Amino acid sequence: MTKILLSLLTTFLFFGSALEAVEKSIEAKLVVGKNITDLTLTDQFNKSHTINEDRYKLIFSFSKVSTHICNNFFITKTPTYLENHHAYFISDISSVPSILRSIFIMPDLEEFKHIVLLLDDDSLAESFRKNMDVEKIVVVYVLNKKITEIKTITTEEELRKTLEDDSPMIN
């Protein structure tokens, strides 16, 4: 009995340490002062987009609720609304099983006129989720590919104000 308990304890310690090591090895990508360089994501039409300097607001959605808030807002706007306000909308769909993505998520996304950049790889998405309040909409301000501010919002009105306010970008 003692050997069994010792074996179980050793197993739990080993797996616990391994999980902790994996968690620690993921580096947070959304950190004020950090550079966003060479980030290329595909949109709902499988077209690649590289984050560039003409867009300085990155709107991240990591949950179903925040994604619905964003999409409900964007469908009321022109297809170029995000571009006109120097923004990208990035949605994390990595936790959705691939079969559900292909049957339900992607066909729905393809109906939108606005561009939705997709975080569809879990390891990449995890590095963006790390230390973020994933239940809220995360707004990342970028100047010269460097993160200058991160804030969270929860409503369509806050999203509108955030996108239509260019004052944080004035130097």
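Since every read-out is calculated from the coordinates, none of them should be taken as a lab result. Remember, it's a predicted structure, so these values are computed and weren't measured experimentally. Quick reminder, even Gly has a Cβ in these numbers, built from the backbone with ideal geometry, and neighbours come from all protein chains shown.
The figures follow:
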read-out	value
Qualifying aspartates and glutamates (Cα of each under 14 Å from Cα of Lys113; at least 8 residues distant if same chain)	Asp43, Glu83
Loop trypsin sites (Lys or Arg not before Pro), the range 128-171, which have at most 16 other Cβ atoms in a 10 Å radius of their Cβ (DSSP)	Lys130, Lys145
Solution diffusion estimate, µm²/s, Stokes-Einstein, the range 28-169, Kirkwood Rh from C-alpha pairs, 10 °C, viscosity 1.306 mPa s	105
Leu100 versus Glu53: modelled label distance in nm, points set 7 Å from Cα along the beta carbon direction	4.1
Cleavage-rule hits (GluC sites (Glu not before Pro)) in the range 97-171: DSSP loop, at most 13 neighbouring Cβ within 10 angstrom	Glu111, Glu135
Residues Thr80, Thr162 arranged by fewest to most Cβ contacts within 10 Å	Thr80, Thr162
